[in-house]
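Asks: After the structure tokens below, expect a handful of questions from me.
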Amino acid sequence: MSSDRSKDVTPPPLPAPLAVPVADSHTHLDMQSGTVEEGLAKAASVGVTTVVQVGCDVNGSRWAADTAAAHPNVHATVALHPNEAPRIVLGDPDGWSRQGERSAGGDAALDEALAEIDRLAALPHVKGVGETGLDHFRTGPEGIAAQERSFRAHIEIAKRHGKALVIHDRDAHADVLRILKEEGAPERTVFHCYSGDAEMARICAENGYFMSFAGNVTFKNAQPLRDALVAAPRELVLVETDAPFLTPAPYRGRPNAPYLVPVTLRAMAAVKGLDEDTLAAAISANTARAFDY
Ligand SMILES: [Zn+2]
Ligand SMILES: [Zn+2]
């Protein structure tokens, strides 16, 4: 990360409300400024009435489960992020884990963390297991074995509890698809921040995998992603912010939050040649089906 002093940290303005309410299928409220209540109220004021709060480590997953228990329109998913699993095994103290947690690492530490994810996955307000998957961008060769073992374990947990599987796939399309095939994908699988091309979208469609599009679909250089969105069947498309990351254009670089879903959804409707209400209705139904709420 560079320390860009000119970075605009002003929250983007409220977009015009959606007439048909939708869900933000993937957000990290615990990494955003303001309270949960403020974030949810702001989102609801523009028609984003439901959010899926995603856990990335043990503490974040507990927080997601607690937050979903306290708010009827928040659903939780729980997991060790693909970049978190190797850190647990390698004992990296500067990892994703907060509160300066240190552990001796090793496979036993990963097993212990997975056991807690398994326990949380059984809770009724936890609707998914993820984000899990593979990240060949941030995790180097020394972490690949741990990452893959963790991914396979999460697939097993999702299936055993009958929860959706939320996939993080960064620069790892072929390996993610291969492992899903080897393990047998859960009944409901969501590719979060979908980043494949049109050909991969057709493979996902054949397998009934949901594809969740984030703000990067609006980026100027993202034509392959828009081609994928065109190829993705309407009944498998979701929308997400992945906030605080991936703020949609024209607000790129400024803080993201669930209230900005309408910006991305409108861009998606234009790409698919649909009016926004039609796409919002489809996305709303798809998200409820994906997470079984
Ligand atoms: Zn992710
Ligand atoms: Zn995420």
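Asks: May I ask which of Lys7/Lys272; Lys220/Lys272; Lys127/Lys220; Lys7/Lys42 have a Cα-Cα span longer than 26 Å here? Walk me through the numbers on the way to the answer.
Replies: On the way: Lys7/Lys272 32 Å; Lys220/Lys272 17 Å; Lys127/Lys220 34 Å; Lys7/Lys42 23 Å.
Where the Cα-Cα span goes over 26 Å, the pairs concerned are Lys7/Lys272; Lys127/Lys220.
Asks: Through the Karplus equation 6.51 cos²θ - 1.76 cosθ + 1.60, θ set to phi - 60°, convert the phi angles of the range 197-202 into ³J(HN,Hα) values in whole Hz; use x for Gly and Pro.
Replies: Each residue of the range 197-202 in turn: 9, 5, 4, 5, 4, 5 Hz.
Asks: Compute the signed sum of charges (Lys and Arg +1, Asp and Glu -1) over the other residues within less than 13 Å, Cβ to Cβ, of Ala280.
Replies: Cβ neighbours under 13 Å give a net charge of -1.
Asks: In sequence order, what are the phi-derived ³J(HN,Hα) couplings for the range 287-293 according to the Karplus relation 6.51 cos²θ - 1.76 cosθ + 1.60 with θ = phi - 60°, rounded to whole Hz, with x for glycine and proline?
Replies: These are the phi-based 3J(HN,Hα) values: 5, 5, 6, 4, 9, 6, 10 Hz.
Asks: Also, quick follow-up: Summing +1 for each Lys or Arg and -1 for each Asp or Glu, what net charge is found among the other residues whose Cβ lies under 13 Å from the Cβ of Cys204? Spell out each step's value before the answer.
Replies: Details: positive: Lys181, Arg188, Arg202; negative: Asp169, Asp197, Glu199, Glu206, Glu235.
Around Cys204, the surrounding residues sum to -2.
Asks: Show the residues, 5+ positions off or on another chain, whose built amide H is closer than 5 Å to the amide H of Val78.
Replies: Sorted by chain and number, the residues that satisfy this are Gly55, Gly128, Val129, Gly130.
Asks: Under 1.5 on a/c is rounded, so check that first for the range 204-280, then, if it is not, pick prolate when a/b is larger than b/c and oblate when it is not; a ≥ b ≥ c are the square roots of the alpha carbon gyration tensor eigenvalues. Show your work: numbers first, answer last.
Replies: Details: a/c = 1.64, a/b = 1.58, b/c = 1.04.
Prolate, because a/c is 1.5 or more and a/b exceeds b/c.
Asks: Something else now. Please check: in the Gaussian network model of the chain (C-alpha springs, under 10 Å), which one of Ala280, Ala174, Ala23 has the largest mean-square fluctuation.
Replies: Ala174
Asks: Please give the Cα centre distance for the range 48-62 versus the range 225-292, rounded to the nearest Å.
Replies: Their Cα centres are 19 Å away from one another.
Asks: A further question on this structure: Where in the range 5-39 does the amide nitrogen come within less than 17 Å of the point 7 Å from the Cα of Phe219, taken along Cα to Cβ?
Replies: Once the point is set 7 Å along Cα→Cβ of Phe219, 8 turn out to lie under 17 Å by backbone N, inside the range 5-39.
Asks: What are the ³J(HN,Hα) couplings of the range 105-122, residue after residue, when phi is run through the Karplus curve with 6.51, -1.76, 1.60 and θ = phi - 60°? Round to Hz, x for glycine and proline.
Replies: Running phi through 6.51 cos²θ - 1.76 cosθ + 1.60 with θ = phi - 60° gives x, x, 5, 5, 5, 5, 4, 5, 5, 5, 5, 6, 4, 4, 4, 5, 5, 6 Hz.
Asks: Pop the C-beta distance of Ala108 and Asp275 into the FRET formula with R0 = 45 Å and round what comes out to the nearest 0.05. All intermediate terms of the calculation are to be shown ahead of the outcome.
Replies: On the way: r = 54 Å, r/R0 = 1.20.
E between Ala108 and Asp275, to the nearest 0.05, is 0.25.
Asks: Label the range 73-207 by shape, choosing from rounded, prolate and oblate, from the square roots a ≥ b ≥ c of the eigenvalues of the Cα gyration tensor; if a/c is under 1.5 it is rounded, and otherwise prolate applies when a/b is larger than b/c, oblate when it is not.
Replies: Values: a/c = 1.86, a/b = 1.27, b/c = 1.47.
Taking the square roots of the gyration eigenvalues as a ≥ b ≥ c, the range 73-207 is oblate.
Asks: For n ≥ 4 DSSP H runs only, could you compute -39500 (n - 2.57) per run for the chain, divide by its residues and tell me the 222 nm figure to the nearest 500? Working shown, then result.
Replies: Working: 10 runs with 121 residues, N = 293.
Estimated from H runs of four or more residues: -13000 deg cm²/dmol.
Asks: Between 0 and 90 degrees, rounded to the nearest ten: what's the tilt of helix 36-45 against the longest Cα principal axis of the chain?
Replies: So the helix axis and the longest Cα principal axis differ by about 30 degrees.
We did not get these values from a lab; they are worked out from the coordinates using the rules stated. Everything numeric here is computed off the predicted structure, so don't read it as measured data. Because the Cβ atoms are built from the backbone with ideal geometry, glycine has one as well, and the counts that use them run over all protein chains shown.
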